[in-house]
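The structure appears right after this line, and notes come after that.
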Amino acid sequence: MNLSEYQFNTELYNGSRTIVYRGERQVDSLPVAIKLLKNTYPTFNELVQFRNQYTIAKNLRSPLIIQTYSLETYHNSYALVMEDFGGISLKDYFSKNQSVASLEEFLVIAIVLCNTLDLLYHERIIHKDIKPSNILINPETKQVKLIDFSIASLLPRETQTLVNPNVLEGTLAYISPEQTGRMNRGIDYRTDFYSLGVTFFELLTGELPFASNEAMELVHSHIAKKSPFAHEINPQIPPILSEIVKKLMAKNAEDRYQSALGLKFDLEKCLTQLREAGEISSFEIASRDVCDRFIIPDKLYGRETEAETLLQAFERVANPPEAPLAKGGNKGVEMMLVAGFSGIGKTAVVNEVHKPIVRQRGYFIKGKFDQFQRNIPFSAFVQAFRNLMGQLLTESDPQIQHWKNQILETVGDNGQVIIEVIPELEKIIGEQPPAVELSGTAAQNRFNLLFQNFTQVFTSADHPLVMFLDDLQWADSASLKLMQLLVNDTGHLFIIGAYRDNEVNPA
């Protein structure tokens, strides 16, 4: 990009990953905002997100969305040139003027945002990061525009995989329960309604519904804790408006508003009442809320008993009864089998344990045995633990150091034995000396003992471990033996096995 074509005037925003300047195009003095990546050598993911916001936003020709003029290559990265309409973020706007919005001003802004979400809905775009700092307002004209489509999606529906909260897409304080990947639900356009609800809550009360510095606690709040009513924090807010915001923040997407226009109708009713009568009285909300898409809910039907059985077993693993083992006490290890035909929904039932795992700060890992890899011993265990290493590597440096010390203390000089099957472990504990060569049963026994001890590092009352092994009908004998050892000698471990009972021979 030829930066001499643009004149940089002031710095508008300086974040952890990007920096935005206000400037103008020298040819015609057109005011522009130029967004750059801070990283001199950006990761592939950062570059993809940068291209993504250009690709999606360039086709949205609407006064409700910030216009993007061009995407230019700049050094090892990109520069995004956008319109500058003199806007500042809602976050800055309210912190400069007053801490919370006046009722009328809030309703006017909220109605514009309904129009914006309705536009995205018809373009089949999920924004996934609605928050006050991604909404700009011009302090003079009061024009409102939405920005930042870096993680937006053009898919009508997505599934969030289970990752550490530190690397989730979106902003944790505003993220919807299904975006955490721990709700056993898909992501669709209604995820933006939840984030909009949190945004409304913040504009009306000056604070967030859930505040915590700890990522896992925030995730747990979003999926399991009830948010307070806005009028309980700011008594100036009419209870009916509080109810509208609460409905937007429902945990299940089917309990939220189903259309932006249904929400807009209610907000317009509030605004009319406020302007005509000076106050907002109660009425039935969501009366005009109709969705024109056929959406089958993700809710589990007819599986309450099975899901409850799994949840109770997890509770016993996380908090084992105190009774001594001889009297039927439990050292906190359980194994459950889920049987059924292919596609019957075994995995969907198992995924219901995600919610309590978050509360207990536990880990959920899964592996799948393969019909064509039965000659590879421990294939599902290896998959599961590679998955766990991925989760650990996204934790804070002190936390990674803690795991490193614990793992090294457990495996001693035999770290290389485990690294050979789980290469990701090397990134945590570093290079290890070659292990002593053993053969036959001796090697097998050493591996079993090591793996057993290695597993115990991750199973404790502070963080129980749930291991889901799918397609057990194709498990190899070495894996079955290891499973037996783990069940006998580990605590705070919950193994869930799923198998197709129609494909298991009598042997």
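The values are calculated or read from the model by the stated rules, or taken from the named source; none is laboratory data. Please read these numbers as outputs of a predicted model, since none were measured by experiment. All Cβ positions, even for glycine, are placed from backbone atoms using ideal geometry, and neighbour counts span all protein chains on display.
Just a few scattered comments:
- Hey, residue 454 hydrophobic (A, V, I, L, M, F, W, C), modelled with pLDDT of 90 or more and within 22 Å of residue 311 (Cα to Cα) or not: no
- Of all the residues in region 266-285, those that are β-branched (Val, Ile, Thr) and within 19 Å of residue 197 (Cβ to Cβ) number 2.
- Hits in region 427-448 - residues which are in contact with a helix residue (DSSP H, G or I) (Cβ under 8 Å, 6 or more places away or on another chain) and assigned to a helix (DSSP H, G or I): 427, 428, 429, 444, 446, 447, 448
- Lone qualifier among 138, 184 - being surrounded by fewer than 22 Cβ atoms within 10 Å (Cβ to Cβ) and in contact with a His (Cβ under 8 Å, 6 or more places away or on another chain): 184
- Considering region 206-217, and only residues there that are in contact (Cβ under 8 Å) with a residue 40 or more places away in the chain and surrounded by fewer than 23 Cβ atoms within 10 Å (Cβ to Cβ), the residue that is farthest from residue 128 (Cα to Cα) turns out to be 206.
- Being crowded, with 20+ Cβ neighbours inside 10 Å, in a helix (DSSP H, G or I) and touching a Ser or Thr at 6+ places or on another chain (Cβ under 8 Å) is a property that holds for residue 380.
- The listed residue being loosely packed, with under 12 Cβ neighbours inside 10 Å and under 26 Å from residue 492 (Cα atoms), out of 426, 431, 409: 409
- Restricting 291, 270 to those that are surrounded by fewer than 18 Cβ atoms within 10 Å (Cβ to Cβ) and either touching a helix residue (DSSP H, G or I) at 6+ places or on another chain (Cβ under 7 Å) or over 21 Å from residue 201 (Cβ atoms) (or both) reduces the list to 291.
- In region 135-160, the qualifying residues are those that are closer than 30 Å to residue 354 by Cα and outside any loop (DSSP other than H, G, I, E, B), and the one that is nearest to the chain's Cα centre (by Cα) is 158.
Here's the yes/no breakdown for (1) closer than 23 Å to residue 171 by Cα; (2) assigned by TED's automatic domain parsing to the domain that holds residue 128; (3) part of a helix (DSSP H, G or I):
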{"residue": "223", "(1), (2), (3)": "yes, yes, yes"}
{"residue": "231", "(1), (2), (3)": "no, yes, yes"}
{"residue": "254", "(1), (2), (3)": "yes, yes, yes"}
{"residue": "257", "(1), (2), (3)": "yes, yes, no"}
{"residue": "291", "(1), (2), (3)": "no, no, no"}
{"residue": "296", "(1), (2), (3)": "no, no, no"}
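- Number of the condition not met by residue 326 [criteria: (1) under 29 Å from residue 158 (Cβ atoms); (2) part of a helix (DSSP H, G or I); (3) at pLDDT below 85; (4) not hydroxyl-bearing (Ser, Thr, Tyr)]: (1)
- For region 58-110, a residue qualifies if it is under 30 Å from residue 206 (Cβ atoms), among the aliphatic types (A, V, I, L, M) and buried (at least 19 other Cβ atoms within 10 Å of the Cβ), and the qualifying residues are 65, 66, 82, 90, 100, 101, 107, 109, 110.
- Put simply, of 200, 210, 265 the only residue that is out of contact with any Cys (no Cβ under 8 Å at 6 or more places or on another chain), aromatic (Phe, Trp, Tyr), closer than 14 Å to residue 173 by Cα and not in a loop (DSSP other than H, G, I, E, B) is 200.
- Filtering 473, 484, 399, 416 for residues that are of a type outside the set (A, V, I, L, M, F, W, C), surrounded by fewer than 19 Cβ atoms within 10 Å (Cβ to Cβ), under 24 Å from residue 347 (Cα atoms) and without any contact (Cβ under 8 Å) to a residue 24 or more places away in the chain leaves a single hit, 484.
- Note on region 464-481: among residues that are in a loop (DSSP other than H, G, I, E, B) and under 11 Å from residue 378 (Cα atoms), the one that is farthest from the chain's Cα centre (by Cα) is 476.
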